[in-house]
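Please treat every number below as a calculation from the coordinates, not as lab data. Treat the numbers as computed from the prediction; the structure is a model and nothing was measured. With ideal geometry, Cβ positions are generated from the backbone for all residues, glycine too; neighbour counts draw on all protein chains shown.
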Amino acid sequence: MTEYEYLFGPVPSRRMGRSLGVDLLPFKTCSLNCIFCEVGTTTVRTLTRDEYVPIDAIQKELLHWFEHDGQADFITLAGSGEPTLHTKFGQLLAFIKAQSDISTALLTNGTLFPDADVRRDAAQADVVKVSLSAGDEATFEKIHRPARNIHLQDMIDAYRLFREEFSGQLWIEVFLVAGINDSPESISRIAEITRSIRPDRVDLNTAVRPTADPTTRAVDEATLHRLAAQFNPPANVAVSFTSGPHERLPVSAAAVLAMLKRRPCSAEQITASFGAPRDVVDACLKDLTWNGLVRSIDRHGEVFFQAES
Ligand code: SF4
């Protein structure tokens, strides 16, 4: 497998099957520093937009990937931070559309959606997934630890505007943390706001992987399923991988490391992602751990592997 700097995967996505990730930010640049973040603690917390990584270099890697692989269900802008902070993410979506028939997705925390230019660029994606995990400003601050001048109400207003402007699939992810935003009042408020935005899909998620704040507690799966019915449309519970058997992908220590740089995974998840024999994945993980590039973390009795930053 070719080593790319900005592309990773294809990885199994809970929502999108096989998804090629495109990383537009240096680790770890984001407008939020969510307690539940699986990428790690935000080191550059900002609302300043910039061409954080050169668009030409990303496009060059994509052209190479189209030519040598080109098989995925989605190409997803995501990765080491908030993709809409990159001033040219819209240009990149247009480039992908011009070069390929693969659907595009934008995974965003939505903090920049009050900016009409960001909404216009986001509307070029086939799927836009935004985040809504609080029903009031105090909970928003607690769970997301935002950069200055980010307000939940501005984002909600912008989501409603975007729904009017965008004809593609609008998905909302609600990330629930036990003891913080899972009270009946909190859920009811989030569900009410979600309904007013009229999304095509709602996903409920919780902290099943290692998180930026290790004290972050997951909501149990049975509770998530019970809460799902309060949403309109009824929410999907996106807690575990649903990756079916994929076609086999070449696996190497470099490819595994590229995946782990973006989010922690268990050996089972890596095995499912590559469709690779477990002993080969174990050998890659052993090699990476031995060389100090990866460490293992216990999360509720399950072992995850995470790239050293
Ligand atoms: S979860 Fe997403 S929005 Fe929150 S800090 Fe991590 S990358 Fe940023």
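Tell me whether the chain comes out rounded, prolate or oblate; compute the Cα gyration tensor, take square roots of the eigenvalues as a ≥ b ≥ c, and use a/c under 1.5 as the rounded threshold.
Oblate is the answer for the chain, as a/c is 1.5 or above yet b/c matches or exceeds a/b.
Taking 0.36 nm per intervening residue step and subtracting the Cα-Cα distance, what contour gain separates H64 from H151 on full extension?
That works out to 27.3 nm of additional length.
Report ³J(HN,Hα) in whole Hz for each residue of region 142-151, in order, from the Karplus equation J = 6.51 cos²θ - 1.76 cosθ + 1.60 where θ = phi - 60°; Gly and Pro get x.
For region 142-151, the Karplus curve yields 5, 8, 10, 6, x, 5, 5, 6, 10, 10 Hz.
Enter the Cα centre distance for the pair region 139-170 and region 183-197, rounded to the nearest angstrom.
First find each Cα centre; the distance between them is then 14 Å.
Could you give the spread of the C-alpha atoms of region 249-309 along their three principal axes, from largest to smallest, in whole angstroms?
On the principal axes, region 249-309 reaches 27, 24, 19 Å in Cα extent.
If you place +1 on the Cβ of every Lys and Arg and -1 on the Cβ of every Asp and Glu, how big does the dipole about the Cα centre of region 120-168 come out, in debye to the nearest 20?
Values: 7 positive and 9 negative charges, 36 e Å.
Computed charge dipole of region 120-168: roughly 180 debye.
For all pairs of alpha-carbon atoms in region 45-120, what percent lies in each bin of width 5 Å, listed from the first bin to the last filled one?
3, 14, 26, 26, 17, 9, 4, 1
Any lysines with Cα under 25 Å of the K129 Cα? List them, leaving off those in the same chain fewer than 8 positions away.
In chain and number order, the partners are K28, K88, K97, K142, K261.
How many Å³ per residue does the convex hull of the Cα positions in region 145-196 occupy?
Each residue corresponds to 101 Å³ of Cα convex hull volume.
Along region 287-294, what does the Karplus equation 6.51 cos²θ - 1.76 cosθ + 1.60 (θ = phi - 60°) give for ³J(HN,Hα), rounded to whole Hz, x for Gly and Pro?
4, 5, 5, 4, 8, x, 8, 9
Mind checking the dipole of the chain: about its Cα centre, +1 per Lys or Arg Cβ, -1 per Asp or Glu Cβ, Debye to the nearest 20? Intermediate results must be reported in sequence, preceding the final value.
Details: 32 positive and 41 negative charges, 66 e Å.
The dipole magnitude comes to about 320 debye.
Write down, largest first, the equivalent ellipsoid semi-axes of region 96-212 in whole Å, where each equals the square root of 5 times an eigenvalue of the alpha-carbon gyration tensor.
25, 16, 14
Working from the pairwise distances between different alpha carbons, so that the mean of 1/r is found and then inverted, what is region 1-110's Kirkwood radius in Å?
This gives a value of 14.2 Å.
For A283 and D50 in the same chain, what is the full-extension length gain: residue separation times 0.36 nm, less their Cα-Cα distance, in nm?
Result for the pair: 80.0 nm of gain on full extension.
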